[in-house]
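The values are calculated or read from the model by the stated rules, or taken from the named source; none is laboratory data. Computed from a predicted structure; not experimentally measured. In this analysis, Cβ positions are derived from the backbone assuming ideal geometry, glycine residues included, and neighbour counts consider all displayed protein chains. Each accessible area value is taken on the protein alone, full model and side chains, heavy atoms only, with ligands, DNA and RNA left out. Shrake-Rupley method; radii C 1.70, N 1.55, O 1.52, S 1.80 Å.
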Amino acid sequence: GAGVSQTPSNKVTEKGKYVELRCDPISGHTALYWYRQSLGQGPEFLIYFQGTGAADDSGLPNDRFFAVRPEGSVSTLKIQRTERGDSAVYLCASGGLRGGELFFGEGSRLTVL
Amino acid sequence: AQTVTQSQPEMSVQEAETVTLSCTYDTSESDYYLFWYKQPPSRQMILVIRQEAYKQQNATENRFSVNFQKAAKSFSLKISDSQLGDAAMYFCAYSGGSNYKLTFGKGTLLTVNP
């Protein structure tokens, strides 16, 4: 597609449930990032993929969070046993060059009741 | 670890006037990149302007320019001839070293008054 696509746009779930958030990056972009943005804050880094492998997952808050990018394009962020504190907008971005522009999707707003 | 600080939670400007948003950062690296991103209510982050640390010349993109002071680790954004469409959250961001990831500040909410 022309831009980074994220689905779902909004997700409401109950505490303890499992959720998956999907990111479809710009075709040809090798780098893919997940960020989490809480209300009134800047985006916080979660994980970075270069191709299929997670090059840096130092931002994942705990082992309930996991992300995959099996074929080097689409990525899925998976959150197990969701907690109310997981409520945030999850942003995905893709890019091709170090120091270059990152292209962001519109994010997935997760609300955990 | 790198940190990015935006000391102005909110700013306002009259339409057609000029406003400057502040940003400071902390790093021990010599090779890095600095960015300003705009986030309107649609949530999609849009690149406004980018600066490579090794370049002494300040970046300019139409009405947007930066004042990059490397020794002071300061990277402010100047918006000239402000327009209503400039109203948004503005985030300063840093990228350095061998890692591509961006570190963001907390943002400045810009209001443009007609």
Whenever you get a sec, line up A:Asp24, A:Asp86, B:Asp81 from highest to lowest accessible area (probe 1.4 Å, protein heavy atoms).
-> B:Asp81, A:Asp24, A:Asp86
Determine the relative contact order of segment B:6-103: mean sequence separation of Cα pairs under 8 Å and six or more apart, normalised by residue count, in whole percent.
-> 35
Sorting A:Glu83, B:Glu10 by accessible area (1.4 Å probe), largest first, what list results?
-> B:Glu10, A:Glu83
Rounded Å value of the spacing that divides the Cα centres of segment B:100-114 and segment B:10-83 = 9
Starting from 0 in steps of 5 Å, tell me what percent of the Cα-Cα pairs of chain A lands in each bin.
-> 2, 13, 24, 27, 19, 10, 4, 1
How much accessible surface does B:Arg50 have with a 1.4 Å probe, in Å² rounded to 10?
-> 80
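Length gain on complete extension for the stretch A:Gln80 to A:Ser9, per 0.36 nm per residue less the alpha carbon to alpha carbon distance?
23.7 nm
Take every DSSP beta bridge whose two residues both sit in chain B, then give the antiparallel share in percent to the nearest 5.
Just about 85 percent of them are antiparallel.
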Roughly how compact is segment A:22-61, stated as its Cα Rg over 2.2 N^0.38 Å to two decimals?
-> 1.25
Expressed in Å to one decimal, the Kirkwood Rh of chain B from all distinct alpha-carbon pairs is 14.2
How high is the relative contact order of segment B:46-114, given as a whole-number percent (alpha carbon pairs under 8 Å, six or more residues apart)?
-> 21
Total formal charge among the other residues, if their Cβ is under 13 angstrom from that of B:Phe64, Lys/Arg +1 and Asp/Glu -1 | +1
What's the local net charge at A:Asp86, with K and R +1, D and E -1, over the other residues with C-beta under 10 Å away?
-> +4
Using the Kirkwood radius over Cα pairs, work out the Stokes-Einstein diffusion coefficient for the protein assembly as shown at 10 °C and 1.306 mPa s, in µm²/s as a whole number.
-> 88
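How would B:Lys101, A:Lys15, B:Lys70 line up by accessible area, probe 1.4 Å, largest first? Could you put the intermediate results ahead of the total?
Values: B:Lys101 55, A:Lys15 120, B:Lys70 85 Å².
Sorted by accessible area, descending: A:Lys15, B:Lys70, B:Lys101.
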Past the 22 Å Cα-Cα mark, which pairs from B:Lys55/B:Lys106; A:Lys11/B:Lys101; A:Lys78/B:Lys106; B:Lys70/B:Lys101; A:Lys78/B:Lys38?
-> B:Lys55/B:Lys106; A:Lys11/B:Lys101; A:Lys78/B:Lys106; A:Lys78/B:Lys38
